[in-house]
Amino acid sequence: LKSPINQVTFLCRPKRTNQIAAFTADGQISVFSQVSEEQADKTSDGFMVVSQPLVLQKTFRLTPPQDPPLALRQLLWLQDELFLAVGSGLLPTSSTILMLHPIQDADDTLAVRSEMEVDGVVVGVVHSFQTGTVALQLEDGQIKKLLWDCPELSVEDWRDSSGCSVSFPVPCIQTALCSISGTEYLLGLTDRSHLYAGDTELASGVCSFAICDNFLLLTTHSHTCRCLQLSGLTVKGLQAALASDGGQNDETLRHVERGSRIVTVVPQDTRVVLQMPRGNLETIHHRALVLAQLRKWLDGLKFREAFECMRKLRINLNLIYDHNPKVFLENVASFIQQLNSINHINLFLTELKEEDTTSSMYPRPDGSPVQPQAAPGQKKVDVVCDALRTTMESMDQNKFSLSILTAHVKKTVPELEIALQKVHELRENPPEAPGGVSAEEALKYLLFLVNVNDLYEHSLGTYDFDLVLMVAEKSQKDPKEYLPFLNMLKSLEPNYQRYTIDRHLKRYRKALVHLSRCGQEHFTEVLQLVKEQKLYSEALRLYPADSPQYKFLSCAYAEHLVEQQRAEEGGLLLWRCGEPVRALQAFTSSSSWRNAICVAQQIPLPPDQLALLARDLAEKLTEQRRYSEAALLLDQYAKDCEEAILALITGGVWEEALRLIYMHKRQDITETNLKPALLEALNTQVVFLEAQVATFTRHKSRLAVVREQKEKARLDMLDEDGPDCPDAELYSEASSVMTASKYSQSNSRISSRSSKNRRKAERKKLSLKEGSPMEDKALMHVIGEIITTVDKMREEIHGLLRALVLFQFDKQAEKLQRVYEEALQMMEGSVLEVWPEGLQNTSAPVTGPNSTANSIMALFQQQQKPAASQQDAEVPAAPKMRNGIKWKLTILK
């Protein structure tokens, strides 16, 4: 150009922003644009041309000529041949708005189509190509809207949604139009780094900003570049977002070099051009812009564009599936066709992981719906691998053979044997189509994906020695390592050969199946393998129930069950396979007396030995407090009615004892044993109930004191300044309301200990020691146990009362009934007192007239405690009493 350039403006069209108009000092406007792709020179001196140079297309002259040279300013290129400019007004405090367009007879000459005078000096003009709005900023911060699409220009005040005029508090050095929640705003940045939306301040410490589509990008003095999507934000939401520091994986924030300023954002792209303090320009791809563009491509099923962008900018390829699993699985064929590259499909498969990247790495924008999993309950990697493999096999199995192998190998449980079998098929039937993959190439690719030793072991598992040799040769193993072993295997009988391979690979279940087919001479090895690997159930399924092998295995299994303290099950096995003597021992040791008696009579045992067996069993049952069963054995099989009656009296089974007394005509036992036992049981129960009531009353009183202390501590904390108040020691030791108790903190370290230590720690945590942090919970726990214990005595007390009444111990029975009834009534009436309604959901108010800054912070921290601390404060559940069980006797009322 022959004259200096005063101003440069770009065409306000989204796909034609490379067209530039330069306004020179001689009053001419020169229009430049890039040449079309057909006319472009693809190379230049051996180098590929990435960006075509600008070529002068047209030069406009202004009529009449503008004098002086700076008479026009703020040039704006609105449409193809329509320009807007600002000129000096008639007064120093006014400006003129000019609309310039070509003259009909001379298309290289621009004339003023319309003009108007504006009261005030215009210092900024900005245009929005989306809405067509042109906004003016005056030197005093006023904002005007220019109505330029009418025959005559006009200006009106900028108004907000409520109809009030809006102005910048101070003039801004940079302005831009944008839409926030459907309302158009003029953003402005002051020379003091304050960013405004009309008269509302959005943020401070802003170096520069730019609007691209519905995104606001800005750089800050804290050396970050923020990118916020305006469509989902309000003005207040935008203020809050700019004020936050951003969390982990926050795609809206990116750190940049100190002093970076935004030059421009490339339209329809993800590139942001920054100018460094040194003056150099750098291009970045902001993560928020990239992810927004990727989501658009994936929604539009443009998988190739999305894949190329993700590969170039190192975005995790799992996002292709995670963005919308259902849509991806419905369009797998389109995905494969668009990529049309084995390497790209393999790259996608190898990067698959179980994590959902939309939750961990690239969170969805606020307000966007969460896409459900396409196959709930199934592994994501398996679902994607199977979908791609099935589609590729149906499209062209030869072309996608390597990708099919990748799909088998990358599953959560790699299908290496299937992959090796496909390699073997390629070797047996080489592909005839050009470009097909040979078996050697496929095997070499598998060795790249899988560890060579793993692949060799799995090739052994196919029992195909040709395949094993092929893998071994490609794996660079020393032949001395594998040839002797393979030659030894080849010399074995087929079933024993497979058993040897499976045992070598530690596939013991398969090894057992093959060994069981090798004949009787190898049964010793079967038995040894079963015992070593505890494959008893699997082994029993391999032999007929009437075979000697089945009997041997059953006996071995029974011995194993006896060792595992499951002697009754072992006895059943021994009994059914014809070993009654050993079965009797197993049943006796497990106190399974019914089975033991049956086996003893099947043997059969002599009467004296049967009676001795019954006594032994009765002794074991008595130790287990199974008095009725012990009495049955003593009466029916040991023929000792007296011992049977005494066992029933000892167990408090009064009515059954009476039945045997009268059946065997031993009424003498009533006076000598039964009545004294009844009175002894009566006294025992009364003493026990009185002790339980006393303990209950003591614990309940202590619980009321503890709760009163805690309530006082809570009120003191709200009234005073937290830990500095005089009663700090009270609630630091006797209240679990305060944060960070040493017990709750130590609980996080306990989780890794053994279960025995954990139970010990739980008991220590619920200590009844006065002043312990969890004393109230411990008291509630013990009170609940007392109520449950007393409530379970209903049936026992009922039987004792009936027996006492029968033998005319009415006064004693009345006392027992009265004591038990009073205990039940007192405990039932105390349940709501100990467990008031809504206790587990109560919490101290965080704010209120009595709150202080320290108390609010203390309570806020208490609410933020980790899960372990919250579990410490769990309240024991209230016991349920069985009021529906009738235990009282009417005749004693």
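The values are calculated or read from the model by the stated rules, or taken from the named source; none is laboratory data. This one's a predicted model, so the numbers in the text were calculated from it and none came from an experiment. As a convention, Cβ positions derive from the backbone with ideal geometry for all residues, glycine included, and neighbour counts pool all protein chains shown.
For residues in region 263-293 being over 25 Å from residue 11 (Cβ atoms) and among the small types (Gly, Ala, Ser), which is nearest to the chain's Cα centre (by Cα)? That would be 288.
Out of region 310-331, which residues are farther than 19 Å from residue 393 by Cβ, part of a helix (DSSP H, G or I) and among the aliphatic types (A, V, I, L, M)?
Answer for region 310-331, where residues must be farther than 19 Å from residue 393 by Cβ, part of a helix (DSSP H, G or I) and among the aliphatic types (A, V, I, L, M): 310, 313, 319, 320, 327.
Matching residues to (1) at pLDDT below 90; (2) crowded, with 19+ Cβ neighbours inside 10 Å:
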| position | (1), (2) |
| --- | --- |
| 238 | no, yes |
| 247 | yes, no |
| 250 | yes, no |
| 255 | no, no |
| 261 | no, no |
| 264 | no, no |
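Give me the pairs: first residue in region 554-575 and under 19 Å from residue 598 (Cβ atoms), second residue part of a loop (DSSP other than H, G, I, E, B) and not polar (S, T, N, Q), beta-carbon distance under 7 Å, and six or more apart or on different chains, which are they? Within 7 Å, the pairs are 554/577. The set of residues in region 137-171 that are acidic (Asp, Glu) and closer than 17 Å to residue 185 by Cβ comprises 156, 157, 160.
Here is a yes/no grid of residues against (1) within 24 Å of residue 145 (Cα to Cα); (2) surrounded by 14 or more Cβ atoms within 10 Å (Cβ to Cβ); (3) not small (Gly, Ala, Ser):
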{"site": "161", "(1), (2), (3)": "yes, no, no"}
{"site": "165", "(1), (2), (3)": "yes, yes, no"}
{"site": "177", "(1), (2), (3)": "yes, yes, yes"}
{"site": "197", "(1), (2), (3)": "yes, yes, no"}
{"site": "200", "(1), (2), (3)": "yes, yes, yes"}
{"site": "214", "(1), (2), (3)": "yes, yes, yes"}
{"site": "224", "(1), (2), (3)": "no, yes, yes"}
{"site": "229", "(1), (2), (3)": "no, yes, yes"}
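Put simply, of 460, 420 the only residue that is under 23 Å from residue 349 (Cβ atoms) and buried (at least 19 other Cβ atoms within 10 Å of the Cβ) is 420. Annotation: residue 181 fulfils all but one of (1) on the phi > 0 side of the Ramachandran plot; (2) of a type outside the set (Asp, Glu); (3) buried (at least 19 other Cβ atoms within 10 Å of the Cβ); the unmet one is (3).
Okay, residues lined up against (1) farther than 30 Å from residue 614 by Cβ; (2) in contact with a Leu (Cβ under 9 Å, 6 or more places away or on another chain); (3) of a type in the set (A, V, I, L, M, F, W, C):
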position	(1), (2), (3)
540	yes, yes, yes
566	no, no, no
571	no, yes, no
585	no, yes, no
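Could you tell me which residue of region 499-522 is surrounded by the fewest Cβ atoms within 10 Å (Cβ to Cβ), considering only residues that are more than 18 Å from residue 454 (Cα to Cα) and among the charged types (D, E, K, R)?
Taking the candidates together, the pick is 521.
Select from region 513-558 the residues that are under 15 Å from residue 572 (Cα atoms) and either touching a helix residue (DSSP H, G or I) at 6+ places or on another chain (Cβ under 7 Å) or among the hydroxyl-bearing types (Ser, Thr, Tyr) (or both) and list them in ascending order. Across region 513-558, the qualifying residues are 536, 537, 540, 550, 552, 553, 554, 555, 556, 557, 558. Out of 207, 172, one residue alone is out of contact with any Lys or Arg (no Cβ under 7 Å at 6 or more places or on another chain), surrounded by 15 or more Cβ atoms within 10 Å (Cβ to Cβ) and under 30 Å from residue 268 (Cα atoms). It is 172.
The strands (runs of 3 or more DSSP E) falling completely within region 69-140 that include 3 or more residues that are of a type outside the set (D, E, K, R) and in contact with a Gly (Cβ under 8 Å, 6 or more places away or on another chain) map to 94-102, 134-138.
Screening residue 695 against (1) more than 22 Å from residue 814 (Cα to Cα); (2) more than 56 Å from the chain's Cα centre (by Cα) leaves a single unmet condition, (2). How about region 605-622: which of its residues are surrounded by 15 or more Cβ atoms within 10 Å (Cβ to Cβ) and not in a helix (DSSP H, G or I)? Scanning region 605-622 gives a single hit, 605. The conditions of being without any contact (Cβ under 8 Å) to a residue 24 or more places away in the chain, surrounded by 19 or more Cβ atoms within 10 Å (Cβ to Cβ) and either in the same structural domain as residue 591 (by TED's automatic domain parsing) or under 60 Å from the mean Cα position of the chain (by Cα) (or both) are not met by residue 633. When the residues of region 9-64 are filtered to those that are at pLDDT below 75 and of a type in the set (A, V, I, L, M), the one that is surrounded by the fewest Cβ atoms within 10 Å (Cβ to Cβ) is 50. For region 441-464, the condition of being over 41 Å from the mean Cα position of the chain (by Cα), at pLDDT 85 or above and in a helix (DSSP H, G or I) holds for none of the residues.
Each row is one residue, and each column tells you yes or no for (1) modelled with pLDDT under 90; (2) within 25 Å of residue 452 (Cβ to Cβ).
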| site | (1), (2) |
| --- | --- |
| 387 | no, no |
| 401 | no, yes |
| 415 | no, yes |
| 427 | yes, yes |
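If you check 75, 84, 100, 90 for being surrounded by 18 or more Cβ atoms within 10 Å (Cβ to Cβ), at pLDDT 80 or above and over 60 Å from the mean Cα position of the chain (by Cα), only one passes: 100.
Being under 30 Å from residue 589 (Cβ atoms) and not aromatic (Phe, Trp, Tyr), is that true of even one residue in region 660-667?
Within region 660-667, one or more residues are under 30 Å from residue 589 (Cβ atoms) and not aromatic (Phe, Trp, Tyr).
Per-residue answers, yes or no, for (1) under 30 Å from residue 230 (Cβ atoms); (2) without any contact (Cβ under 8 Å) to a residue 24 or more places away in the chain; (3) not in a helix (DSSP H, G or I):
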{"site": "333", "(1), (2), (3)": "no, no, no"}
{"site": "336", "(1), (2), (3)": "no, no, no"}
{"site": "348", "(1), (2), (3)": "no, no, no"}
{"site": "364", "(1), (2), (3)": "yes, yes, yes"}
{"site": "378", "(1), (2), (3)": "no, yes, yes"}
{"site": "391", "(1), (2), (3)": "no, no, no"}
{"site": "406", "(1), (2), (3)": "no, no, no"}
{"site": "411", "(1), (2), (3)": "no, no, yes"}
{"site": "414", "(1), (2), (3)": "no, no, yes"}
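Scan 752, 736, 767, 772 and give me the residue that is at pLDDT below 50 and either surrounded by 14 or more Cβ atoms within 10 Å (Cβ to Cβ) or assigned to a helix (DSSP H, G or I) (or both). Result of the check over 752, 736, 767, 772: 736.
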